[in-house]
Every structure is written in structure tokens, then in C-alpha cells.
Amino acid sequence: MLSKMTNILTVAGSDPVAGAGIQADLKAIEALGMHACTVITCITAQNTKGVFSISPVSPEEVDRQLESVLTDVSVNAVKTGMLFDAETVRVVSNRIRSLDVPVVVDPVMRATTGGSLHSKGLADELRSQLLPLATLVTPNVHEVKALTGVSVKDPASVRRAARSLTRDGARAVLIKGGHMRGRNAIDYLFCDGRMVEVSTPRVRGDVHGTGCVLSSMIATYLSTGTELEQAVRASKAATFKAILSSERIGGGVPCANPLSLLRQEAMKAGMLVELDKAVAELQPLMDSRLLPEVGSNMGYAVIGALEPQDVAAFTGRITRVGDHAEVSGCARFGASKHVARIVLAASAKDPSVRCALNIKYSARTVRACREAGLIVASFDRSHEPRGASSMTWGVTYAIKRQGRVPDVIFDRGGQGKEPMIRLLAGTPAEVVEKLRSIHVRLD
Ligand code: PXL
């Protein structure tokens, strides 16, 4: 029996390299498991280096596309992207006014590559016609300036701009800070008179299509009744994964890759198998010199991991049983917060580092690490600030001191804390390789 589909309508422009625009919307919505209906407002001729021309679809034809979708399909949310001109804004507003579904307005005005994507009069029409229908409007700092005249640079100006947009009728505002400075990419969400920050680590350089992916994902979450703040947080985290998986489709800016979310879901089962295989290989190596009193665990994170749920580990630990090491439990995502924090702190600095294993500390083993050519860093628990998560703080501190993510991070312990060495690498197999290179030097 076929089930009823959840449908998200995107009204946006075409990008022929399919990194941004309606093609990115389609991929983002489908990556979250929903169906996308795609009403095209204009055909752009562009690539990853620039925008060369724009042919608007006539407002009559946009209207006919909308009519054909809306008279047939039950739409659960709407996202608007590049509308290009005032007349198209009017046509789109008139069609969605009678729909009682969430509407996410991405007020697209400029491509990542720098080209203009709107004609004169768009900003005024967006404000007067479309914002009153918007559940959420998602401008970046350039679009905020074009819509409100406010140059956002600090929390006070962010508030001022958001107030201006809610006065136009938008129920909520998400001001995207991707173009602002700072270690994290912070977006500011205004909703019900409250401002909250939604943050992910900053990725260096521009990525084509991120705004399209984010707004499409928010509309998709809202389509099933997810509360707004939760929808924004989940979409921002998913967009971060799409950015980390971005691809060099052409010679210019890389393109966000929302379908990587599906690939990652498909990869998860294989990652558990990789962990099982690695632990079988390291069991004979984990003798009394390498197995800590508290036992070992191995953590393995998906690409773009942000929370312990994104990291697989063993539900039990690798411990000593008689004269050999044994793993209890099985590999599962979210199994260990402790080892997850090590991996998450490392991959936040270098996304290619996704696996960690803790082993017993001894000065002899640290020397063996150095003899094996591994890069070794350390932290001292006595410097740990109060209230910090030890692993997040310690690993981040050691990385900062080293200037890069090392192969090995150790500490000499503290009150009630066993000293420990952590091995870091891209995959479980690479961690085993490093362990082997240490093990042979202990004899
Ligand atoms: O990301 C904004 C955007 C929207 N729509 C189209 C685009 C772009 C950015 O390049 O090309 C068609």
C-alpha cells in the first residue's frame, strides 16, 4: 500500500551546475525523505565561477506552474528562493496566501560567486507582499542590508534588523552569520520576542548552495510539525554535514552536497563493521602494557559529526579477561559520550580525523609513539577550567598547543583519574596501524 507523501513546494531559480538554486532545494528536501515539487522562476546561466545571464520565466507561466501543482498536490510547506522580480513576488504571494502551511522565505539576491540574482524593486515587494506570509525569513548579512538598510555587525544591529523584518510581518527571522567573522558560523534566530544563537564550526571558504539547502531543510522539518527552533537547529546541523561533504564540481567554489546525508546514513552500518574488524585486530595487541585499568573504547564519527549520537563506539569496553583483552557489548552509535567527546573535539579542528582509541599511559609508550614517528601532544588536568568537559577541553587544548591535530594526545592523570594516551586517526584501520607501530617498539 502506498503511503501519503509529505510534499514541500520550492519556488526558485535554476542553477545549471546544480550546486545551488532549485536543484539544491530538490536534493535537500529529498535527502530528508520528503517529496519536492519544483516551480521554476528563472533560468540562470551560471557555473561555479560566476553568473552570466538570467532569463526570467514569465509571471504567467510561474502562475500556471503554481496552479498545476496546488490544484493537484497537497503541499505541507513552501520554500521560496530566487524570485528575481517584483511581479513574480506578487504572483507567488497571491498563490500561497490561501495556503495554511509553513512558508520559509529565502530572500535570494546574490550568488555566492558574486553575481546579482534580482532586479530593481525586488526588496520592496518582498517586504510588502511576501514577508507578511512568512513563517520564517532567512537573510544573510547582504540581504539584511538590502531589505532593511541595516549593516549588521554586532548583536544590537542584528536585533534592529530582525525587528524591522518582523514589523513587515515575518513571524520569525533567521539572520545568517556565515559572512560575519568569528571562529563559529553563528546564525541568530528571532522568534516570539526572543533571540537564540544557532552555531556550527566555521568552514573556511565559500560554498555554493548553502543558503538554498538550509532554507529547504527548515521548510522540510516544519512540514511535519517540528517546532521552529528545533527545525532550525536540525537543519543547520544537516547543512553543516552537506558543507563538509561539498564537492568541487567545477573550477570555482565548491558546491554543498545535501545528498551526502543519505550516503552517510548508508555508511553507518559499514562503519560498525569497520569497528568490529578493527577491535578483532587490536585485541592481541592490547596486552597489560597497553590496556588501561578502566578499559579502552574506540570511537568512530560520521563525516560532519556534531554530537555523541554521531559517533559509534562499543556499548561495553575493551577490558582484561584472564590474560587477554576482550570487548564486551557491541558497536553502536551514541554508545559512549566519553570517547565521542575525544573524537568530536578532534574532528572539529580537522574533519578528516574521525577515529580515536584510548590506551594505557606509560612514559615508555609515549617514547614508543615518538620513535614510531607519531606526532605527540599533551594536556595537564591541573590546568582544566572548572565546569569544562575534561575530554573536550583537554583534546582542544593539546591540539591548540600543537597547532594541528596530532596522532597522540596524553595526560598524566589527576586525582582519581588514570593517566591516559589517546590515538587519533581517520579510520579504525588507521588507528590499529598506529597501535601496531607502537606495539612493536615496546619489545
Ligand atoms: O544561494 C542562492 C541562490 C539561489 N538561487 C540560485 C542561485 C543561488 C546562488 O548562486 O544560483 C538560482
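Take the residues of the range 1-60 that are more than 21 Å from the chain's Cα centre (by Cα) and acidic (Asp, Glu): which is most open to solvent (accessible area, probe 1.4 Å)?
The residue in question is GLU60.
Consider LEU130 carefully, then state whether it is more than 26 Å from GLY205 (Cβ to Cβ) and within 16 Å of the ligand (Cβ to nearest atom).
In short, yes.
Restricting attention to the range 303-315, and to residues there that are part of a loop (DSSP other than H, G, I, E, B) and at pLDDT below 95, which single residue is surrounded by the most Cβ atoms within 10 Å (Cβ to Cβ)?
ALA305
Of all residues in the range 126-160, which are open to solvent by 10 Å² or more (accessible area, probe 1.4 Å) and in contact (Cβ under 8 Å) with a residue 60 or more places away in the chain?
Matches in the range 126-160: THR135, ASN140.
Looking at this structure, is ALA363 surrounded by 14 or more Cβ atoms within 10 Å (Cβ to Cβ) and at pLDDT 95 or above?
no
Among the numbered criteria (1) assigned to a helix (DSSP H, G or I); (2) surrounded by fewer than 24 Cβ atoms within 10 Å (Cβ to Cβ); (3) modelled with pLDDT of 95 or more, which single criterion is violated by LEU189?
(1)
Out of ARG204, ARG289, report the one residue that is more than 16 Å from the ligand (Cβ to nearest atom) and surrounded by 15 or more Cβ atoms within 10 Å (Cβ to Cβ).
Step by step, each of ARG204, ARG289 is checked, and only ARG289 is more than 16 Å from the ligand (Cβ to nearest atom) and surrounded by 15 or more Cβ atoms within 10 Å (Cβ to Cβ).
For residues that are surrounded by fewer than 18 Cβ atoms within 10 Å (Cβ to Cβ) and touching a Ser or Thr at 6+ places or on another chain (Cβ under 8 Å), tally how many sit in the range 318-343.
The total comes to 7.
Would you mention how many residues in the range 229-258 are open to solvent by 20 Å² or more (accessible area, probe 1.4 Å), among the aliphatic types (A, V, I, L, M) and farther than 14 Å from VAL302 by Cα?
Qualifying residue count for the region: 3.
Please go through the range 63-90 and pick out each residue that is farther than 30 Å from GLY252 by Cβ and surrounded by 24 or more Cβ atoms within 10 Å (Cβ to Cβ).
Correct list: ALA77, VAL78.
What number of residues in the range 23-42 are over 25 Å from ALA266 (Cβ atoms) and within 9 Å of the ligand (Cβ to nearest atom)?
Residues that pass the stated criteria total 2.
Here are the criteria: (1) open to solvent by less than 20 Å² (accessible area, probe 1.4 Å); (2) more than 16 Å from the ligand (Cβ to nearest atom); (3) in contact (Cβ under 8 Å) with a residue 40 or more places away in the chain. Tell me which single one MET217 does not satisfy.
Result: MET217 passes all but (2).
Does ARG97 satisfy the criteria of being more than 15 Å from the ligand (Cβ to nearest atom) and in the same structural domain as HIS208 (by TED's automatic domain parsing)?
Yes.
Could we say that VAL104 is within 16 Å of the ligand (Cβ to nearest atom) and touching a strand residue (DSSP E or B) at 6+ places or on another chain (Cβ under 6 Å) here?
yes
Just checking, how many residues over the range 394-428 are open to solvent by 40 Å² or more (accessible area, probe 1.4 Å), at negative phi and out of contact with any Lys or Arg (no Cβ under 9 Å at 6 or more places or on another chain)?
So the count comes out to 3.
Residues to consider are LEU83, LEU70; find the one that is within 16 Å of the ligand (Cβ to nearest atom) and within 25 Å of LEU136 (Cβ to Cβ).
From the options LEU83, LEU70, the qualifying one is LEU83.
Just to check your reading of the model, which residue among GLU384, GLU418, GLU433 is acidic (Asp, Glu) and over 19 Å from LEU291 (Cβ atoms)?
Of GLU384, GLU418, GLU433, the one residue that is acidic (Asp, Glu) and over 19 Å from LEU291 (Cβ atoms) is GLU384.
Return the residues of the range 394-416 that are in contact with a helix residue (DSSP H, G or I) (Cβ under 8 Å, 6 or more places away or on another chain) and under 11 Å from ALA345 (Cβ atoms); say none if nothing qualifies.
GLY394, VAL395, THR396, TYR397, ILE399, VAL405, ILE409, listed by residue number.
The values are calculated or read from the model by the stated rules, or taken from the named source; none is laboratory data. Every value quoted in this text rests on a predicted model; they were computed, and no experiment measured them. Counting neighbours? That spans all protein chains shown, and the Cβs are built from the backbone with ideal geometry, glycine included. All accessible areas refer to the heavy atoms of the entire protein, side chains included, with ligands and DNA or RNA removed. Shrake-Rupley method; radii C 1.70, N 1.55, O 1.52, S 1.80 Å.
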